[in-house]
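Inspection log for the structure reproduced underneath, given as structure tokens.
Each value in this text was obtained by applying a stated rule to the coordinates, not by laboratory testing. Being a predicted model, the structure only gives us computed values, none of them experimental. Note that we place each Cβ from the backbone using ideal geometry, even for glycine, and neighbour counts take in every protein chain shown.
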Amino acid sequence: MLRAGAIKEWAVESFPFDLNILKELSSEPIPNHLKRWWFAIGGTPMYLFMIQAITGIFLTFYYVPHPAEAYNSIAYITTEVRFGWFIRSIHKWSAHLMIFTLMLHMMRVFFTGAYRRPRELNWMFGVCLLLITFGFGFTGYSLLYEQVSYWASVVGANIAAATPFIGDDIGNFLRGGNDIGPNTLTRFFVLHIGVLPTAMVVLLGLHVLQIRLHGITTLQFKKDRAERENPHAESFPFYPNHFYTELILGLFLTFLLTILALVYPAEMGERANPLVTPEHIKPEWFFYAMFRWLKLTSLQVGVMGTMIFMGMLMFWPFIDRVFERKWPGREISFWLGVLGFIIFLVFTIWEAVV
Ligand code: HEM
């Protein structure tokens, strides 16, 4: 008979990892304000990304990335595969929620000034994570091979091809040639299930490592001041306190996703017809603001404007430092952020209603 002790001995000998290291790593002090759940929202896109990866693997078992079969394979998943409709619906809703919560996380970091020194690099990793997430949204939508999604990807590839200097190369790279064709779907598929997930995991690793190295920005709130009188209460340990907050958020999201998938399951649109351009082409909601902006300007100006905006977003911690040096205490970044958010909201609603 095998003794339990012998199994443990064998496990420790085969995998000589000191569990105290894990204890030390997970007892990181977390500032008190992270007890407010909206400050802990950064963990939400991470949880949703895991859901995306798991449901995505199941979908890949059946999806066929070829123009002649893509639509049929999704119809098969939706109507024939056991619980296929459910997995597909969770994948769809989790994608929307991930983008939404990512925007919330970014806004909380922006409006609390948590991107400031020494966290500039982590803000830049964050902007890359945002671009990767948009890339997931764009390529994933195209895989459906429905009329609306097909034409949205045609327009998207054409917009990318209007990038100054390197536009032709980007367009050819995305389309797999001069025009949208069988290669395009394969490319989008490879980007969606291979390149983007790898980039996401690497950057998430760097993002979390930076959070661990710098710690989370300590903010002061009136309510916390009483706690601050007792220096031991300035922070709390990651495990178990913060872990449970994240767990509760995760359980709530699981509940929400299940309700959304049951009440609004993913449906099938009209099959793509590359020969017939539809009257109205609509991207997904998170591209509405950019789409409206492009409609208000010419293609070249629109693309240039978008690139300048993305460049400013990437280097905002440094732009903010110039404002702070010139006009200290005026919180110019805060008010520019409010203005930017209002413009984003107005453009999004405008595009949604026309
Ligand atoms: C998949 C995407 C992302 C994930 C999973 C993620 C995750 C997290 C987590 C768990 C934290 C710890 C604090 C918290 O829970 O809020 C955090 C902090 C931070 N994130 Fe993200 N993040 C993502 C994207 C972004 C984006 C798009 C930005 C900005 C452009 C960003 C910038 C930051 C910064 C600067 C901090 C430090 C905040 C502080 O010190 O208070 N992150 N992130």
Check your understanding: Taking the alpha-carbon centroid of each part, what is the distance from the stretch 286-314 to the stretch 148-168 in angstrom?
Key -> 13
Exercise for review: Lys and Arg at +1, Asp and Glu at -1: add these up for the other residues within a Cβ distance under 15 Å of Asn273 and post the number.
Suggested key: -2
Review point. Taking only DSSP H segments of four or more residues, each worth -39500 (n - 2.57), what value at 222 nm results for the chain once the sum is divided by all its residues, to the nearest 500 deg cm²/dmol?
Key: -22000 deg cm²/dmol
Revision key, fill the gap. The alpha-carbon center of the stretch 19-51 and that of the stretch 233-271 are separated, in whole Å, by 14
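I want to verify the translational diffusion coefficient of the stretch 286-354 in µm²/s; compute it with Stokes-Einstein, Rh as the Kirkwood radius over Cα pairs, at 4 °C and 1.567 mPa s.
Working: Rh = 13.4 Å.
In µm²/s, the coefficient rounds to 97.
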**Study point:** the stretch 38-139 - convex hull of the alpha-carbon atoms, volume per residue in Å³
**Key:** 97
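What relative contact order, as a whole-number percentage, does the chain give when Cα pairs under 8 Å and 6 or more residues apart are counted? Numbers along the way, then the final one.
On the way: 330 pairs, mean separation 94.1, N = 354.
The value is 27 percent.
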Check your understanding: With labels modelled as points extended 7 Å from the Cα through the Cβ direction, what inter-label distance (nm, one decimal) is found for Val346 paired with Ile21?
Key -> 5.5
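At 0.36 nm per residue, and after removing the present C-alpha to C-alpha distance, how many nm does the segment from Phe252 to Thr277 gain when stretched out fully? Working shown, then result.
Working: separation 25, 0.36 × 25 = 9.00 nm, distance 4.13 nm.
The span from Phe252 to Thr277 would gain 4.9 nm if fully extended.
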Study note, to complete from the structure: Neighbours of Asn158 by Cβ distance under 11 Å: Lys/Arg at +1, Asp/Glu at -1, summed charge 0
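How many times 2.2 N^0.38 Å is the alpha carbon radius of gyration of the chain?
Dividing the Cα Rg of the chain by 2.2 N^0.38 Å gives 1.14.
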Check your understanding: Which ³J(HN,Hα) values, rounded to whole Hz and listed in residue order, are derived for the stretch 123-130 from phi using the Karplus coefficients 6.51, -1.76 and 1.60 in 6.51 cos²θ - 1.76 cosθ + 1.60 with θ = phi - 60°, glycine and proline given as x?
Key -> 4, 5, 4, x, 4, 4, 4, 5
Practice item. Taking H placed 1.01 Å from N in the peptide plane, check which residues at least 5 places from Ile30 or on another chain put their amide H under 5 Å from its amide H. Key: Phe236, Phe238
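Using the Cα centre of the stretch 286-354 as the reference point, and only Cβ charges (+1 on K/R, -1 on D/E), how large is the resulting charge dipole? Debye, rounded to the nearest 20.
Values: 6 positive and 4 negative charges, 29 e Å.
Using only the charged Cβ atoms, the result is roughly 140 debye.
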Revision key, fill the gap. extent check for the stretch 1-66: Cα max minus min per principal axis, descending, whole Å, gives 52, 46, 18
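Tell me the net charge near Tyr145. Cut-off is 11 Å between Cβ atoms, Tyr145 excluded, with +1 for each Lys or Arg and -1 for each Asp or Glu. Provide the component values of the computation, followed by the final result.
Details: positive: Arg271; negative: Glu69, Glu146, Glu270.
Residues near Tyr145 contribute -2 overall.
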